[in-house]
Each structure stands twice: as C-alpha cells, then as structure tokens.
1. Can you tell me which residue in region A:216-241 is least open to solvent (accessible area, probe 1.4 Å), limited to those that are farther than 30 Å from A:LEU346 by Cα and more than 10 Å from DNA strand B (Cβ to nearest atom)?
2. So which of A:ALA71, A:ALA83, A:ALA91 ends up being more than 30 Å from A:LEU214 (Cα to Cα), out of contact with any His (no Cβ under 9 Å at 6 or more places or on another chain), open to solvent by less than 20 Å² (accessible area, probe 1.4 Å) and among the small types (Gly, Ala, Ser)?
3. Would region A:188-203 turn up any residue that is within 19 Å of A:ASP28 (Cα to Cα), in the same structural domain as A:THR18 (by TED's automatic domain parsing) and either away from DNA strand B (no atom under 16 Å from the Cβ) or touching a strand residue (DSSP E or B) at 6+ places or on another chain (Cβ under 7 Å) (or both)?
4. Name the single residue, out of those in region A:127-158 being of a type in the set (Phe, Trp, Tyr) and open to solvent by less than 50 Å² (accessible area, probe 1.4 Å), that is farthest from DNA strand C (Cβ to nearest atom).
5. Looking at region A:141-150, can you tell me whether even one residue there is within 16 Å of DNA strand B (Cβ to nearest atom) and assigned by TED's automatic domain parsing to the domain that holds A:GLU36?
6. Please go through region A:120-140 and give me each residue that is within 16 Å of DNA strand B (Cβ to nearest atom) and assigned to a helix (DSSP H, G or I), ordered by number.
7. Return the total of residues in region A:82-119 being within 10 Å of DNA strand C (Cβ to nearest atom), without any contact (Cβ under 8 Å) to a residue 12 or more places away in the chain and in a helix (DSSP H, G or I).
8. Tell me, which helices (runs of 4 or more DSSP H) wholly within region A:1-81 include 2 or more residues that are under 29 Å from A:TYR99 (Cβ atoms) and of a type in the set (Asp, Glu)?
Amino acid sequence: MKQFFTNALLDWNNNENTRSMPWKGEKDPYRIWLSEIILQQTRVEQGWAYYEKFILNYPTVQDLAAAPEEAVFRLWQGLGYYARCKNMLAAAKQIVSQYHGHFPNTHDSILSLKGIGPYTAAAIASFAFNLPHAVLDGNVFRVLSRFFDIDTPIDSTAGKKQFAQLAQELLPHGLSASYNQSIMDFGAVVCKPQQPACNTCPLAKKCKGYQQGLTALLPVKTKKLVIKKRYFYYLVLQHKDNVYIRKRTENDIWQNLHEFILIETSGPEDPATLQSSAAFKAIMGDIRYNMDAASATFKQQLTHQTIHSQFLLLSVSKKPEIQGYTAVPRNQLDSYAFPKTITDFLKNRELTLF
DNA sequence: AACGCGGGGCT
DNA sequence: AGCCCAGCGTT
C-alpha cells in the first residue's frame, strides 16, 4: 500500500502535474529558502510576486543581510505574518556571519536558522541538497489522512508525531526532492481541502478515506477559532507637511509595522465622544488642534481578530511633542511599512488631505 | 501543550 | 461566516 502510494504520486508528478512556480526546480538554496519563508501559511499565488520582488532587489543572501531593515519590511508589506520578515533578516545575517555566506547544507544546521522549523528545514534539505527528509505541511497532512484514513487530530502532538513518521516511511530513497514536490502539488491540485477531484484521482481506488466516504471529514482538527473584535481610532495628526507615526513594538498584531496615533477602545465610539475621553486627553493634552475630517470605518478581518478602524484627521499650527510618536514628512510615508488597513486608508485619497 | 500571528481566496 | 493556505516562535 505504501509502495503504491509513493509510486502513484511520482507517476502523477511525471505525467499530470502541470503546476508551475518561479522557484520550481531551483537549486540555489538561497532562492529556495526565500520561497519557503514567503510561502509559510501563504498560497503560492499570493507569494509569487513577492518572491520575484525579493530576488530582484536582493539577488544574494549577502544583499539581503546588508539591506536596511525598513526597506525589507516595506518589500514585505501586505504579505502578513511579519515575524517571518524579521526572522528572515536574522537568518540572512546568521548565514553571512556563521557560514561565510554559504547556505548551510545539513538538515540540523538548516533547522538552526531563525524562522526555519521542521517543515522548512525538510523542504530546503530535500529541494536544495536532495537530503532524505519528508516535508509535513497542510497538504501532506490532508493527503495522508485521507489515503490512509487516519483520524488522529493533526493539531495534536500525537498527530504530528504519527504523520511525521508515516511521511518519512513513504519517502523514496534518492527521490526526496521530486517526491516532496509531488505530494504537495497533489494536495493542492487534486486532494484539495474542498471538493477534491476524487473521480479523476489516480489514487482513489486504494484511498481508504474515499472508499469510506470520509474525505470531507479528513483531516481532523480539534481547535476552534475564537475571533475577537477590536476598535482602533487613528489620529492622523498633521503639522505642516508632517504627520505623526510610530513603529509598533508590543506583543500584538503588526509588530514592526508603523501606524498613526492609536487610541484603542473596547467598543465603537463617536468621534465627538472620543475627543472628550481620557485616552484622547492623555495624548493631546492642551494641544490646540483642528478636526478636519473623519474617515469611514475600515474593517479588516484577520485570522483571529476583526479590526474596525476609523481615521480622524487633525491638524495643528504649532508643532507638538507626542510621547512615543515622531513627525515625519508625509511624502516619505511610502518608505515605511504599514498594515493593510492603513495602506487602504492612504490609498483612498479623496477622503484625506494626502 | 497551547496560543498568537495577516492577508487572501473559495465555498 | 467559516475554512485553509509549502508554519514558526513564544509562553
């Protein structure tokens, strides 16, 4: 059964797989690494353009390691999970300083790099160096759980261990690169999360999940998501051609991205009510300002939070000190990375004075 | 072992 | 609205 599975996947890859990607067949470990970091929890279609931007701007790991952090974040802007960007920069510096710019070529040394976990280490080790490590990502969990009818939750420790062992047993000797590529493409193209193509699937006749009508119920997950609502009010405070921003540093969403002066409330607030609140006074104190406009409410859905944001445009004639914030020329805003909801606001020019 | 972290596409 | 995506680091 295992032999059939592996061979069928390799056959499918050779005969029917037409999925193309800019990094497919790539042997430069730097490029493979870059693509894998970009693709963590990210669809191929979404990451594609980012990969090409990064290769163009930073052709080598030395280029990336030497790049200004803000420029790299700006390039990453909009891709999400910004800790990946931070860790990627740290790893680039690690490779330059510890490995003299040569990408490490053993599984353990690859795994030791910042931002590289079990999946990414196996991917780089197999794709770049053909080392015998099976990848275990969302596709692999799904394909294995269905074909072998395994209902151990994939988000449990036991499940991860069980699937990792099975995946490793299925890995054909000397073919880890093409096999790993096969199973992930197969999961994305045929054994999809919704509406898998079972009627044309070359593995269906031996797929236990399919034969028992369980494909829609596999893989099993235990945890359910709780989504909380948050309300952000951004004071877009302008003094002449300057606007006040800061970098987000707390343990929260959008770490290392920039934002305007933030007041977070526990629920929706009227702009007038907000102006008389303690939070507003704590920031603005006795500063004389003019309220020029209030934007519509922007809604952004994150995995685990719904963010409602409204932008209040304030201007002052005398330059104030705002604790924690810096006044920057507004024509330089595009050198800073902002979360999507703020770039949306900035794009919507008719609302604003920008 | 559990949780937090973006943004986008599809149903 | 809910689910998932070439997962990882922190607590």
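The values are calculated or read from the model by the stated rules, or taken from the named source; none is laboratory data. All of these numbers come straight from a predicted model, not from anything done at the bench. Glycine gets a Cβ as well: all are built from the backbone with ideal geometry, and neighbour counts include every protein chain shown. We work out accessible area using only protein heavy atoms, side chains counted, and drop any ligands, DNA or RNA first. Shrake-Rupley method; radii C 1.70, N 1.55, O 1.52, S 1.80 Å.
1. Filtering first and then ranking leaves A:LEU218.
2. Numbers: A:ALA71 fails: open to solvent by less than 20 Å² (accessible area, probe 1.4 Å); A:ALA83 fails: open to solvent by less than 20 Å² (accessible area, probe 1.4 Å).
The unique qualifying residue is A:ALA91.
3. The answer is no; no qualifying residue exists.
4. To start, the set of residues in region A:127-158 that are of a type in the set (Phe, Trp, Tyr) comprises A:127, A:129, A:141, A:147-148.
Narrowing further to those that are open to solvent by less than 50 Å² (accessible area, probe 1.4 Å): A:127, A:141, A:147-148.
Numbers: A:PHE127: 8, A:PHE141: 7, A:PHE147: 15, A:PHE148: 16 Å.
Filtering first and then ranking leaves A:PHE148.
5. Here is the first cut: in region A:141-150, the ones within 16 Å of DNA strand B (Cβ to nearest atom) are A:141-142.
With assigned by TED's automatic domain parsing to the domain that holds A:GLU36 added as a condition, the list becomes A:141-142.
Yes - at least one qualifying residue is present in region A:141-150.
6. Scanning region A:120-140 gives A:THR120, A:GLY138, A:ASN139.
7. 1
8. Numbers: elements: A:2-15, A:29-38, A:44-57, A:61-66, A:69-76.
Filter on region A:1-81 gives A:69-76.
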